[in-house]
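*Asks:* Below is a structure I'd like to ask you about.
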């Protein structure tokens, strides 16, 4: 093994790994993770308004993925400024909203052409808010924040990095019959080990995970909230990354990612079920307290947990007084909370906000015999 923490890892092995990675344990975990993803995709298709998920889950994913990199903002700020990013004054909030924009841009990019290292460059550019390309200078390393001692030093040299990314891309698209989830786990390690950019590597790599799942047809929308799992197990995540580098311990790393996919998918299914129940209850209250006769008002209240009078006026095609009366009635009924935000009134769907931000518990896997 030629790896040393303080020495650029120019000998990072190309993919695929030389050892057998689809062990019995890995195959079992992959089957369970794929079943959970199928349940998630089915749940997303049956929800009354899929925009609810497409708006909310990527925003929560953006928050968690950014928090892994110590870019911390609140869900309250994110949802408040989600429809008007220019109004956000907190740099962390703006950077997290950039992550959401990069995720959606990535989905559009792979809809137009296959996922590639160019996709990663474009995604990282949006995350960082400036033009990015692969590193051309030395000096990048991952270190202990207290002692500044190197824990890992990625490869250096622009052409070497491009060659490593080319191999990564080839593996993603031609991984010799491996399960797509196993491919994703291996490719995620490799991307983080290459560490191709001066900044934004972790967030770009986690977006690549979602794009790989969409490319493989395992999910149809970017609604897998995988970064929450990673941040809850952050120390284990970094420990296992390092153990692949140091000791080629692929199995434990792959199992970690597969378990993350499974638990995240099933917890999101649970969240979707709760959202659907809350929507049904809210619709009953809307009909009992307002003259709103269509589903547009319900859509406004659930596509974002924050709404304004103008949102209801435009979406429902009603006058401002009517929109105001409807929202006031729902405040009186306890559905919404009315708060002042400068010259505006914000109406918060509090139960929905709490439902989105609370953790969901995934059911335990049943034992499987081989």
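*Asks:* Name the residue, out of 120, 102, 88, that is crowded, with 17+ Cβ neighbours inside 10 Å, touching a helix residue (DSSP H, G or I) at 6+ places or on another chain (Cβ under 8 Å) and without any contact (Cβ under 8 Å) to a residue 24 or more places away in the chain. Don't jump to the end; show me each part of the working.
*Replies:* Numbers: 120 fails: without any contact (Cβ under 8 Å) to a residue 24 or more places away in the chain; 102 fails: without any contact (Cβ under 8 Å) to a residue 24 or more places away in the chain.
Only one candidate passes the filter, namely 88.
*Asks:* Could you tell me which of the residues 267, 227 is under 13 Å from residue 37 (Cα atoms), crowded, with 18+ Cβ neighbours inside 10 Å and in contact (Cβ under 8 Å) with a residue 40 or more places away in the chain?
*Replies:* Going through 267, 227 in turn, the sole match is 267.
*Asks:* Quick test of your reading of the structure: residue 112 fulfils all but one of (1) without any contact (Cβ under 8 Å) to a residue 60 or more places away in the chain; (2) surrounded by 19 or more Cβ atoms within 10 Å (Cβ to Cβ); (3) over 23 Å from residue 353 (Cα atoms). Name the failing condition by number.
*Replies:* Condition (2) is where residue 112 drops out.
*Asks:* From 308, 262, grab the single residue that is under 31 Å from the mean Cα position of the chain (by Cα), within 23 Å of residue 227 (Cβ to Cβ) and in contact (Cβ under 8 Å) with a residue 12 or more places away in the chain.
*Replies:* 262
*Asks:* Another question about this same structure. For residue 156, indicate whether it is in contact with a helix residue (DSSP H, G or I) (Cβ under 6 Å, 6 or more places away or on another chain) and in the same structural domain as residue 121 (by TED's automatic domain parsing).
*Replies:* Criteria not met by residue 156.
*Asks:* State the number of residues belonging to segment 131-156 that are within 25 Å of residue 247 (Cβ to Cβ) and touching a residue at least 40 places away in the same chain (Cβ under 8 Å). It would help to see each step written out before you state the result.
*Replies:* Restricting attention to segment 131-156, the residues satisfying the condition of being within 25 Å of residue 247 (Cβ to Cβ) are 140-156.
Next cut, touching a residue at least 40 places away in the same chain (Cβ under 8 Å) only: 140-142, 149-156.
The total comes to 11.
*Asks:* Conditions: (1) under 19 Å from residue 44 (Cβ atoms); (2) outside the structural domain of residue 330 (by TED's automatic domain parsing); (3) surrounded by fewer than 23 Cβ atoms within 10 Å (Cβ to Cβ). Residue 280 meets all but one. Number of the miss?
*Replies:* In the conditions (1) under 19 Å from residue 44 (Cβ atoms); (2) outside the structural domain of residue 330 (by TED's automatic domain parsing); (3) surrounded by fewer than 23 Cβ atoms within 10 Å (Cβ to Cβ), residue 280 misses (2) alone.
*Asks:* Tell me, which helices (runs of 4 or more DSSP H) lie completely within segment 1-120 with 2 or more residues that are on the phi < 0 side of the Ramachandran plot, at pLDDT 95 or above and within 21 Å of the chain's Cα centre (by Cα)?
*Replies:* Those helices (runs of 4 or more DSSP H) span 24-46, 91-112.
*Asks:* Would you point out the residue of segment 302-348, among those that are assigned to a helix (DSSP H, G or I) and in contact with a strand residue (DSSP E or B) (Cβ under 6 Å, 6 or more places away or on another chain), that is surrounded by the most Cβ atoms within 10 Å (Cβ to Cβ)? Before you say what the answer is, go through the steps one by one.
*Replies:* Of the residues in segment 302-348, the ones assigned to a helix (DSSP H, G or I) are 302-303, 309-316, 320-332.
Now restrict to residues that are in contact with a strand residue (DSSP E or B) (Cβ under 6 Å, 6 or more places away or on another chain): 327, 331.
On the way: 327: 24, 331: 16.
Per the stated criteria, the residue is 327.
*Asks:* Still on this structure, please answer the following. Going by the structure shown, is residue 176 surrounded by 15 or more Cβ atoms within 10 Å (Cβ to Cβ) and touching a residue at least 60 places away in the same chain (Cβ under 8 Å)?
*Replies:* For residue 176, the condition - surrounded by 15 or more Cβ atoms within 10 Å (Cβ to Cβ) and touching a residue at least 60 places away in the same chain (Cβ under 8 Å) - is not met.
*Asks:* What is the number of the single condition among (1) assigned by TED's automatic domain parsing to the domain that holds residue 104; (2) surrounded by fewer than 19 Cβ atoms within 10 Å (Cβ to Cβ) that residue 59 does not meet?
*Replies:* (2)
*Asks:* Those residues that are crowded, with 21+ Cβ neighbours inside 10 Å and within 23 Å of residue 258 (Cβ to Cβ), I need them from segment 33-52; list them, please.
*Replies:* 33, 36, 37, 40, 43
The values are calculated or read from the model by the stated rules, or taken from the named source; none is laboratory data. Bear in mind the structure is a predicted one, so any value in this text is a computation, not a measurement. Quick reminder, even Gly has a Cβ in these numbers, built from the backbone with ideal geometry, and neighbours come from all protein chains shown.
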